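**Student:** Structure below; questions to follow.
The values are calculated or read from the model by the stated rules, or taken from the named source; none is laboratory data. Since we're looking at a predicted model, the values are computed, not measured. Cβ coordinates were reconstructed from backbone atoms using ideal geometry, including for glycine residues, and neighbour counts include every protein chain displayed.
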Amino acid sequence: MSVCSFGAAPGDASETIVLVGDSHAGHWRAALDVAARARGWGGLSITHSSCPLSKAVRDLEEAERFRSCAAWKRAVFAWFERHPEIKTVFVGGLTGGSGVIPPKGESRFAASVRGYRRAWRALPSTVQRIVVIRDTPKMRITTAACVERALARGRRAGASCAMPRRTVLDRDPMVVAASRMPAGFVRTVDLTRFFCDRGPCYPVIGGALVLRDQNHMTEVFSSTLGPYLQRKLDALWASWLT
């Protein structure tokens, strides 16, 4: 398990926050770095590819990846027990994909929701706040080529290669799980409007490529969302702490 730092320098930080989860938690790090510096927070990121912080069993075909994910989650829970100074945790996770192995009679989505809720409850009582960052839209495998063609023809790649919101924005089990937890403990931040209008979602916004593959944000675009994430967190903390 690796722990990486971001945000304000440790000696200057008013609080240390933790970003934990799979690569879809990790791709928010650049945005959260901007927000953390603005709020005077130090940050730590603890991520593992294809392994969100959940008590549900991941559907990973390779035995080594399955064991690695399970071991990583055990290490994460143990790490939080050793770090009672951590009060605030940010989480995120990939929607869609291989998902989890559900118990008999339960859907994958329901099992995912339950797995997140169980994981959050398993954190030590020293964790006081969890912020769920809603997952991002996805694009098709052909989107990158579409962007290249549009640019070569002098066309606006964002508009030319946009995809319908209903097909690229999956329902997020983590958001549903958050809605079923006490609001004083778990809240959600949703930045979908910076990716999508009511109808389409765009692969290029403000001249920045949004995704580096089908479903991971580029660091450049993530960082541009930092000030908007900060505003969301300012409003959230104002309501949370009153």
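**Student:** Within the bounds of the range 190-209, is there any residue that is part of a loop (DSSP other than H, G, I, E, B), buried (at least 17 other Cβ atoms within 10 Å of the Cβ) and under 14 Å from the mean Cα position of the chain (by Cα)?
**Tutor:** No: zero hits.
**Student:** Moving on to the next point. What is the residue count in the range 8-24 for residues that are among the hydrophobic types (A, V, I, L, M, F, W, C), modelled with pLDDT under 95 and surrounded by 18 or more Cβ atoms within 10 Å (Cβ to Cβ)?
**Tutor:** Qualifying residue count for the region: 2.
**Student:** For a quick check of your reading: which strands (runs of 3 or more DSSP E) sit entirely within the range 1-65 and have at least 2 residues that are of a type in the set (Ser, Thr, Tyr)?
**Tutor:** Strands (runs of 3 or more DSSP E) meeting the threshold: 41-47.
**Student:** Would you confirm, using the coordinates I've provided, whether Phe77 is surrounded by fewer than 17 Cβ atoms within 10 Å (Cβ to Cβ), assigned to a helix (DSSP H, G or I), in contact (Cβ under 8 Å) with a residue 24 or more places away in the chain and under 19 Å from the mean Cα position of the chain (by Cα)?
**Tutor:** yes
**Student:** Follow-up question, since we're still on this one. Checking the condition of a type in the set (S, T, N, Q) and part of a helix (DSSP H, G or I), which residue from Ser112, Ser125 passes?
**Tutor:** Ser112
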